[in-house]
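Colleague: Structure provided below as structure tokens; questions to follow.
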Amino acid sequence: MWVTSMPQVWDEEGGADAVTPAPAAAMLSSLSGWLSRTVQPQPPAPRVCGTEGGPPVTATRLRLRDGRHLAYCETGVPKDKARFRVVFSHGFTGSREDTVRPSQEVAEELGVYMAGFDRAGYGQSDPNPKRSVKSAALDVEELADALGLGPKFYLIGMSLGCHAVWGALKYIPDRIAGAAMMAPVVNYWWPGFPADLAAEVYAKQEVGDQWALRVSHHAPGILHWWMEQSWLPTSTVVAGTTPLPNKLDAEMRSKMMADGTFQQRKEQATQQGIHESYYRDMMVMFGKWEFDPMSLPQPACPVHLWQGDEDGLVPVVLQRYLASRLSWVNYHELPGTGHFLSSVPGLGDTVLRTLFG
């Protein structure tokens, strides 16, 4: 009853759709308008690294044209001896230290140099309140130029970090020598997905994840407030409680929870504030994109996509549909495999050999 008594003000563009039934859209409309007029739920200011009261700067960083700093980490062979230069875009909860985990032998054999970076607001990279799919792609380009990776470079994305790969294929395709996406997160609102299929798969998520994504898409201005309310259904992905059907995924997460790695990664990723890292990730990934990846023209470079058929975070049926729409995507489905692809033995070597083949 309290929802229907609020003023019907819809501050964000949108309403009911295939994955947001009319009652849910009405509730978000009411809540968004009421909160904006009364509570005004603003997230706390970020604790920017290197500023007074903020975490110390310990990573190697470079300064972007807009004044922000980007923290990065270099692995593989020395850049001046590399045959292949790669930028790596980490996933949700990740960091600049993440890679595809190739063996040292294969990295040296192929001559691979890899630069991982903290995406904006993560780790020790400055927040970007205007973060978008396009800005993610342009951050990749600026990093590559600052590091002198040449007119073309390779780009690999992991999970949610693949929005930077889609962005690069849209906004800087001429700079990409080849691209790989590993278990890329999908946006249920991409127009290319059949409405009935998107709705069916969406409904199979945990209730909290359904609501967290709806708020991210329809009412991002109240996402921080929503996620901080213990009485509301919120993201199991953030909490680390999503049911994982794949045995290796479940065992890996249990181990990370038990030995403290899960919490350590969260603290490192969100040290400047969870809003500018996790929550802004959700707003960008599940918000309203300027383009539909399924409408992209074929790029001049090879594009590969790896997906496990037991992924509990990214629906394999939507990935199959996407790959069927984009004939130029080389789709590699991994049987009996979950979401955490960097932990699959030997897969990092396979990804590099395939991408450079």
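The values are calculated or read from the model by the stated rules, or taken from the named source; none is laboratory data. Only a predicted model underlies this, so the values are computations on that prediction, with no experimental measurement involved. Here Cβ is always computed from backbone atoms with ideal geometry, including for glycine, and neighbour counts include all displayed protein chains. Note: accessible area is taken over every heavy atom of the protein model, side chains too, but ligands, DNA and RNA are not part of it. Shrake-Rupley method; radii C 1.70, N 1.55, O 1.52, S 1.80 Å.
Colleague: The stretch 110-214: D in µm²/s via Stokes-Einstein (Kirkwood Rh, Cα pairs, 4 °C, 1.567 mPa s)? Numbers along the way, then the final one.
Modeller: Working: Rh = 15.5 Å.
Answer from the Stokes-Einstein relation: 83 µm²/s.
Colleague: State the Cα centre-to-centre distance between the stretch 126-199 and the stretch 98-125 in whole Å.
Modeller: A separation of 16 Å, based on Cα centres.
Colleague: Taking the Kirkwood radius as the inverse of the mean 1/r across Cα pairs, report the Rg/Rh of the stretch 144-299.
Modeller: Numbers: Rg = 17.3 Å, Rh = 17.6 Å.
Rg/Rh for the stretch 144-299 comes to 0.99.
Colleague: Oh, and also: So what is Rg over Rh here for the stretch 47-179, counting just Cα atoms and using Kirkwood for Rh?
Modeller: Numbers: Rg = 14.2 Å, Rh = 14.9 Å.
Reported Rg/Rh (Cα atoms, Kirkwood Rh): 0.96.
Colleague: Further, regarding this structure: Heavy-atom accessible area of Lys255 with all protein chains present, probe 1.4 Å, nearest 10 Å²?
Modeller: Looks like 140 Å² after rounding.
Colleague: While we're here: What is the Cα radius of gyration of the stretch 208-357 over 2.2 N^0.38 Å, N being its residue count?
Modeller: Rg over 2.2 N^0.38 Å, computed on Cα atoms: 1.17.
Colleague: Can you tell me the dipole magnitude for the chain around its Cα centre, using point charges on the Cβ only (Lys, Arg +1; Asp, Glu -1), in Debye to the nearest 20?
Modeller: Numbers: 31 positive and 38 negative charges, 105 e Å.
It works out to roughly 500 debye.
Colleague: Rg and Dmax of the chain over Cα atoms: what are they, in angstrom?
Modeller: Cα radius of gyration and Dmax of the chain are 20.0, 67 Å respectively.
Colleague: Right, next: With a cap of 11 neighbouring Cβ atoms within 10 Å, and only residues DSSP puts in a loop, list the trypsin sites (Lys or Arg not before Pro) found in the stretch 89-162.
Modeller: Working: sites: Arg96, Arg119, Lys130, Arg131, Lys134, Lys152; in loops: Arg96, Arg119, Lys130, Arg131, Lys152.
Hits after loop and neighbour filter: Lys130.
Colleague: Taking the chain, how many lysine pairs are there with alpha carbons less than 18 Å apart, if each pair must be eight or more places apart or span two chains?
Modeller: Lysine pairs satisfying the spacing and distance rule in the chain number 9.
Colleague: State the percentage of accessible surface on the stretch 290-357 attributable to carbon and sulfur atoms; use a 1.4 Å probe and exclude ligands, DNA and RNA.
Modeller: For the stretch 290-357, the apolar C and S fraction of the accessible surface comes to 50 percent.
Colleague: Sticking with this one: Which whole-angstrom value gives the distance between the alpha carbon centres of the stretch 332-357 and the stretch 211-249?
Modeller: 27
Colleague: At 1.4 Å probe size, put Glu52, Glu105 in order of accessible surface, largest to smallest.
Modeller: Solvent-accessible surface, decreasing: Glu52, Glu105.
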